[in-house]
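Enquirer: Take this structure, written in structure tokens, and hold onto it; I'll ask about it next.
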Amino acid sequence: MVKCKDVIAAMEEIAPTRLAYSWDNPGLMTGDRETGVKKILVSLDIDDNVITEAIDKGANLIVTHHPMIFRPVKSVTTDDKTGRYLMRLIKNDIAVFSAHTNLDMSNIGTNAELAKLLGLKNTCFLMPSEDGVYAMGRVGELEEKKSVEDFALFVKEKLGLKNMVVSKAGEYVSKIGLCTGHGCDKEFLQAAAEKGCDGYVSGDIGYHEAQEALAMGISLFDGTHYGTETIVTKPVAEFLRSRFDIEIIRSETDGQTLKIL
């Protein structure tokens, strides 16, 4: 029987914990490493809807990207969402394992998948790890240059978004940098500029990030935090299916928190 520890070991192969940022908290959030796994649900986040989905579908292990616990838990009660989630998960004997910034850097992680989804060619790393094997972010070329408006519509379609926020620095884009989630800090933009990018895709793009990018001649495309990262459930599920002969499903919960009316 496949055990929880077996799934953790497999995830460690593609997203080693050592790659995670110091502030991060990847790993086993709840559960017993020795528990037999009947079905795995792969999701971006943990929330009440995802927990209900796992219960209804008979999954006793949820593999997520975003860790449910970031800070020390001082109490477990229904007074806050983390306590409520923990109580529901433990009551229903559901384990949760998370791979976060270490999965962002993985060669089948969020950034690699977004570069693949956008059809970028001649890709390279944006911010390589010390050993040069992994990276946060990617850089690649479009088949042919696109107008800012056309590329925005292309990203919108590929990520299944209902809207697209753009900061336009020029008429066209041909070399694209990207970093999923909240990946638009100045150091990332500088790395993109140094690699000749004229477009950059990320999420959580703010006013000041747009100012920085405009000054560098880089157009920004906000694919949202959720939109740029929920895509990782596909390669993770495919990898786990290649390793284990149990049912592995992707969450159908829509976790997009921001809507434009």
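The values are calculated or read from the model by the stated rules, or taken from the named source; none is laboratory data. Predicted model only: the values in this text are computed from it and were never measured. Cβ atoms come from the backbone with ideal geometry, glycine included; neighbour counts cover every protein chain shown. Just the protein is used for accessible areas: all its heavy atoms, side chains included, with ligands, DNA and RNA removed. Shrake-Rupley method; radii C 1.70, N 1.55, O 1.52, S 1.80 Å.
Enquirer: On the basis of being open to solvent by less than 40 Å² (accessible area, probe 1.4 Å) and assigned to a strand (DSSP E or B), does residue 123 make the cut? It would help to see each step written out before you state the result.
Expert: On the way: open to solvent by less than 40 Å² (accessible area, probe 1.4 Å): no; assigned to a strand (DSSP E or B): yes.
The answer is no for residue 123.
Enquirer: Same structure, new question: Name the pairs whose Cβ atoms lie under 9 Å apart, with the first residue in region 52-64 and free of Cβ contacts under 8 Å to residues at least 24 places away in the same chain, the second open to solvent by 20 Å² or more (accessible area, probe 1.4 Å) and basic (Lys, Arg), and 6 or more positions between them or separate chains?
Expert: Final answer for the pair search is 52/88; 58/38; 58/39.
Enquirer: Out of all the residues in region 28-49, is one or more without any contact (Cβ under 8 Å) to a residue 40 or more places away in the chain and either open to solvent by less than 10 Å² (accessible area, probe 1.4 Å) or in a loop (DSSP other than H, G, I, E, B) (or both)? Give the steps one after another, and end with the answer.
Expert: Residues of region 28-49 that are without any contact (Cβ under 8 Å) to a residue 40 or more places away in the chain, as a first pass: 33-34, 36.
Checking which are either open to solvent by less than 10 Å² (accessible area, probe 1.4 Å) or in a loop (DSSP other than H, G, I, E, B) (or both) leaves us with 33-34.
Within region 28-49 (the criterion being without any contact (Cβ under 8 Å) to a residue 40 or more places away in the chain and either open to solvent by less than 10 Å² (accessible area, probe 1.4 Å) or in a loop (DSSP other than H, G, I, E, B) (or both)), the answer is yes, since at least one residue qualifies.
Enquirer: Continuing with this model, one more query. Is it true that some residue in region 170-192 is exposed (fewer than 15 other Cβ atoms within 10 Å of the Cβ) and touching an Asp or Glu at 6+ places or on another chain (Cβ under 7 Å)?
Expert: Scanning region 170-192, I find at least one residue that is exposed (fewer than 15 other Cβ atoms within 10 Å of the Cβ) and touching an Asp or Glu at 6+ places or on another chain (Cβ under 7 Å), so the answer is yes.
Enquirer: Has region 206-227 got at least one residue that is under 23 Å from residue 53 (Cβ atoms), charged (D, E, K, R) and out of contact with any Lys or Arg (no Cβ under 8 Å at 6 or more places or on another chain)? Before you say what the answer is, go through the steps one by one.
Expert: The first filter runs over region 206-227 and keeps only residues under 23 Å from residue 53 (Cβ atoms), leaving 224-227.
With the extra rule that they be charged (D, E, K, R), the set shrinks to none.
No; the residues of region 206-227 include none that is under 23 Å from residue 53 (Cβ atoms), charged (D, E, K, R) and out of contact with any Lys or Arg (no Cβ under 8 Å at 6 or more places or on another chain).
Enquirer: Can you name the number of the only condition in (1) assigned to a helix (DSSP H, G or I); (2) open to solvent by less than 40 Å² (accessible area, probe 1.4 Å) that residue 96 fails?
Expert: (1)
Enquirer: Could you please let me know if residue 151 is in contact (Cβ under 8 Å) with a residue 40 or more places away in the chain, closer than 17 Å to residue 18 by Cα and not acidic (Asp, Glu)? Can you show your working first?
Expert: Numbers: in contact (Cβ under 8 Å) with a residue 40 or more places away in the chain: yes; closer than 17 Å to residue 18 by Cα: no; not acidic (Asp, Glu): yes.
Spelling it out, it is not the case that residue 151 is in contact (Cβ under 8 Å) with a residue 40 or more places away in the chain, closer than 17 Å to residue 18 by Cα and not acidic (Asp, Glu).
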